[in-house]
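Student: Attaching a single structure in structure tokens format; questions to follow.
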Amino acid sequence: MQLLPMSEDATITPDDFVIQLKKNLQFRSVFEQILFQQIVDRVAEDRSLTITPDEIQAEADQFRATRRLERAADTYRWLEEERITAEEWETGIRDRLLTNKVKEALFGAEVERIFTENRVNFDQAVIYQTVVPYGQLAQELFYQIEEREISFFEAAHLYDIDAKRRHHCGFEGKLYRWSLHPEMAAVVFGASSGELLRPLQMGEHHHLILVEELIMAELSDEIQSEILDQLFQEWLRDELKDVIS
């Protein structure tokens with residue numbers, strides 16, 4: 001590893017990197033990433049999986065287009081700012097592409113089966129939610145929203161116990177069925193799109209939920225990628241245990 005000159009009076013050594021990673025509790029994460037790549041390289045070699053220069057070039061071109069690095073000079077300037085060489089950048093691209101090839105080779109054939117067996121868990125709902133501490137307040141807000149005395153979004157902005165949700169007027173986003181508490185999943189996916197659900201008590205809090213949209217699962221590219229990544233990450237963790245045991 002080369003020393004990185006910062007100025008005439010300052011130089012960062014490899015030991016400085018290690019110390020900084022440890023001080024910021026990042027050493028283990030980087031250590032595991034190195035081992036992960038070694039595992040990927042080993043499997044790729046066993047399966048004769050390689051990355052061609054054309055594949056690296058295509059990925060690099062796509063990256064440059066995304067970052068608007070239209071001229072070669074723009075790319076070199078970016079590399080200098082990142083303090084890496086063109087060769088190091090290309091090696092990183094190669095590692096990511098090879099990881100994807102290994103992932104597909106190991107688990108690509110299993111994705112459809114996993115999806116079919118767990119299809120219901122991949123249903124999604126776009127919901128808004130307001131969580132308040134008292135049942136009486138939840139009931140009052142429910143009736144006020146129904147009578148259009150206040151909008152759901154105003155209620156969330158004014159009364160939700162979570163600052164982030166208040167800021168987003170109750171928006172929770174597009175959530176998978178498996179990510180919801182079973183009791184909440186049952187009422188959400190038993191509702192209709194656009195329906196305001198009656199207050200639901202969970203623990204000490206009371207939830208008002210607006211179901212904006214229900215999306216029944218199809219094996220999209222997004223879901224396929226998520227299943228593939230989950231299988232791969234589980235496998236990597238098991239492999240890591242064998243390496244460090």
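The values are calculated or read from the model by the stated rules, or taken from the named source; none is laboratory data. What you are looking at is a predicted structure, and each value in this text was computed from that prediction instead of being measured. Cβ coordinates were reconstructed from backbone atoms using ideal geometry, including for glycine residues, and neighbour counts include every protein chain displayed.
Student: When Y76 is evaluated against the numbered criteria (1) over 26 Å from G190 (Cβ atoms); (2) among the aromatic types (F, W, Y); (3) modelled with pLDDT of 95 or more, which criterion, by number, is the only one it fails?
Tutor: Condition (3) is where Y76 drops out.
Student: In region 83-94, which residues are surrounded by fewer than 16 Cβ atoms within 10 Å (Cβ to Cβ), out of contact with any Phe, Trp or Tyr (no Cβ under 9 Å at 6 or more places or on another chain) and without any contact (Cβ under 8 Å) to a residue 60 or more places away in the chain?
Tutor: Across region 83-94, the qualifying residues are I84, T85, E87, E88, T91, G92.
Student: To continue, here is another question. I'm trying to understand the selection: among the residues of region 164-192, which are under 21 Å from the mean Cα position of the chain (by Cα) and either in a strand (DSSP E or B) or under 11 Å from L214 (Cβ atoms) (or both)?
Tutor: Answer for region 164-192, where residues must be under 21 Å from the mean Cα position of the chain (by Cα) and either in a strand (DSSP E or B) or under 11 Å from L214 (Cβ atoms) (or both): F171, E172, G173, K174, L175, Y176, R177.
Student: Within region 1-109, considering only helices (runs of 4 or more DSSP H) that don't extend past its boundaries, which have at least 3 residues that are farther than 25 Å from E239 by Cβ and out of contact with any strand residue (DSSP E or B) (no Cβ under 9 Å at 6 or more places or on another chain)?
Tutor: Ranges flagged: 14-23, 53-67, 72-82, 86-107.
Student: I've got another one for you. What number of residues within region 219-237 are charged (D, E, K, R), surrounded by 12 or more Cβ atoms within 10 Å (Cβ to Cβ) and closer than 15 Å to V102 by Cβ?
Tutor: Total satisfying the criteria: 1.
Student: Still on this model: Would you check if there is a residue in region 40-60 being of a type in the set (S, T, Y), touching a helix residue (DSSP H, G or I) at 6+ places or on another chain (Cβ under 9 Å) and in the same structural domain as F232 (by TED's automatic domain parsing)?
Tutor: For region 40-60, residues of a type in the set (S, T, Y), touching a helix residue (DSSP H, G or I) at 6+ places or on another chain (Cβ under 9 Å) and in the same structural domain as F232 (by TED's automatic domain parsing): present.
Student: Considering (1) among the β-branched types (V, I, T); (2) within 29 Å of the chain's Cα centre (by Cα); (3) over 30 Å from A44 (Cβ atoms), say which one V111 fails and leave the rest.
Tutor: Evaluating V111 over (1) among the β-branched types (V, I, T); (2) within 29 Å of the chain's Cα centre (by Cα); (3) over 30 Å from A44 (Cβ atoms) leaves (3) as the failure.
Student: Can you tell me which of Y143, Y176 is surrounded by 15 or more Cβ atoms within 10 Å (Cβ to Cβ), without any contact (Cβ under 8 Å) to a residue 60 or more places away in the chain and among the hydroxyl-bearing types (S, T, Y)?
Tutor: Y176
Student: Mind checking which residues of region 133-161 are aromatic (F, W, Y) and in a helix (DSSP H, G or I)?
Tutor: Of everything in region 133-161, those that are aromatic (F, W, Y) and in a helix (DSSP H, G or I) turn out to be F142, Y143, F152, F153, Y159.
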